[in-house]
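Here's the structure we're looking at; comments come further down.
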Amino acid sequence: MMYMNEAASPACVKYISEKYMDSYCNDLIRRFDPSVITRLHPVNIEQLLEKFLGLKIGFENLSDDGSVLGATVFEDDERFPVYGKNRRRPHYIAVKEGTVLCDSSLKELGSNNRYRFTLAHEAGHAIWHGAYMRAQLSAGKKSSTCLRCKSDAIRPVSDKRGKTNMPLSSIVEEQASKSALFLLMPKDAVMKLISPMGLCLSRSDALDRIILTAATFRVSEAAARERLLGLGLIKPGVFAGVKRKSLAV
């Protein structure tokens, strides 16, 4: 895997340990709204982006087939491609630096968890990948004014975990999705919620914890499962033989 420090080549991306990202996001939420941790309620992800991180949220049809759910813009772009309602041909709009765009489909009923996770994913890009994108732009890659994220990249579970030959685009998306988990379910809040439930001894116990976490923080069950597994609050063996798709994304 190739990584970089803040001033490295655009051919690399900065290494950030999961432990550091987790701690950073936990502290960020404590500064943004400590009541998330003291009273255990969902993060207001829109306010986090707009009022705390200084980003602007907008909605557009981002692809011709609905496959792109989010984009983070790192430099003013006068020709950002978007699509009409029929999604057949693009037209171009001006988009300012610091804008997060969500696909218009996320405004539809029933996509609330997906919308929240997409915003948190894009927040991860804004937090961690500014230096990487500035390096890309400095290298003359004008097409790199933004990161456009497809639906299969904005997911709480990655099939690429543990691989050492991931392409740069996958590393960047993996970091953003991990950050989404950490922002929407801060470590201190999750520990406070789940620790009083005692040992997790069965699949039923694990499902109870997943459902409670998902409901408390307004995330999908798949995201809650990934977070609890990462914190060691449920054990992987509990779900032996259970397909991931059995939990709602």
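The values are calculated or read from the model by the stated rules, or taken from the named source; none is laboratory data. Fair warning: this is a prediction, and the values are worked out from it, not measured in the lab. Because the Cβ atoms are built from the backbone with ideal geometry, glycine has one as well, and the counts that use them run over all protein chains shown.
Only strands (runs of 3 or more DSSP E) wholly contained in region 45-97 count here; list those with 3 or more residues that are closer than 19 Å to residue 154 by Cα and touching a His at 6+ places or on another chain (Cβ under 9 Å). Explain how you work it out, then say what you get.
Details: elements: 56-60, 68-73, 77-83, 90-95.
Result: 68-73.
Summed over region 51-65, residues that are free of Cβ contacts under 8 Å to residues at least 40 places away in the same chain and surrounded by 14 or more Cβ atoms within 10 Å (Cβ to Cβ) total 2. Being free of Cβ contacts under 8 Å to residues at least 24 places away in the same chain and in the same structural domain as residue 24 (by TED's automatic domain parsing) is true for just one of 130, 110. Which residue is that? When all the criteria are applied, what remains is 110.
So which residues in region 174-194 are in contact with a His (Cβ under 8 Å, 6 or more places away or on another chain) and within 10 Å of residue 153 (Cα to Cα)?
176, 177
Within region 169-179, is there a residue that is among the aliphatic types (A, V, I, L, M), in contact (Cβ under 8 Å) with a residue 60 or more places away in the chain, part of a helix (DSSP H, G or I) and farther than 23 Å from residue 112 by Cβ? Checking region 169-179: at least one residue is among the aliphatic types (A, V, I, L, M), in contact (Cβ under 8 Å) with a residue 60 or more places away in the chain, part of a helix (DSSP H, G or I) and farther than 23 Å from residue 112 by Cβ.
Just one residue in the set 123, 131 is farther than 23 Å from residue 184 by Cβ and aliphatic (A, V, I, L, M); that residue is 131.
Per-residue answers, yes or no, for (1) assigned to a loop (DSSP other than H, G, I, E, B); (2) within 14 Å of the chain's Cα centre (by Cα); (3) not assigned by TED's automatic domain parsing to the domain that holds residue 120:
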position: 204; (1), (2), (3): no, no, yes
position: 207; (1), (2), (3): no, no, yes
position: 210; (1), (2), (3): no, no, yes
position: 216; (1), (2), (3): no, no, yes
position: 219; (1), (2), (3): yes, yes, yes
position: 222; (1), (2), (3): no, yes, yes
position: 226; (1), (2), (3): no, yes, yes
position: 232; (1), (2), (3): yes, no, yes
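A residue that is of a type in the set (Gly, Ala, Ser), under 14 Å from residue 181 (Cβ atoms), in a helix (DSSP H, G or I) and modelled with pLDDT of 90 or more occurs nowhere in region 126-141. Residues in region 11-41 that are free of Cβ contacts under 8 Å to residues at least 40 places away in the same chain, of a type in the set (D, E, K, R) and not in a helix (DSSP H, G or I): 33 only.
Pick from region 98-111 the residues that are touching a Ser or Thr at 6+ places or on another chain (Cβ under 7 Å) and assigned to a strand (DSSP E or B): which of them is farthest from residue 154 (Cα to Cα)? Across region 98-111, the extreme among qualifying residues is 100. Kindly provide the set of residues from region 168-216 that are closer than 24 Å to residue 46 by Cβ and β-branched (Val, Ile, Thr), ordered by number. Hits for region 168-216 are 172, 190, 213, 216.
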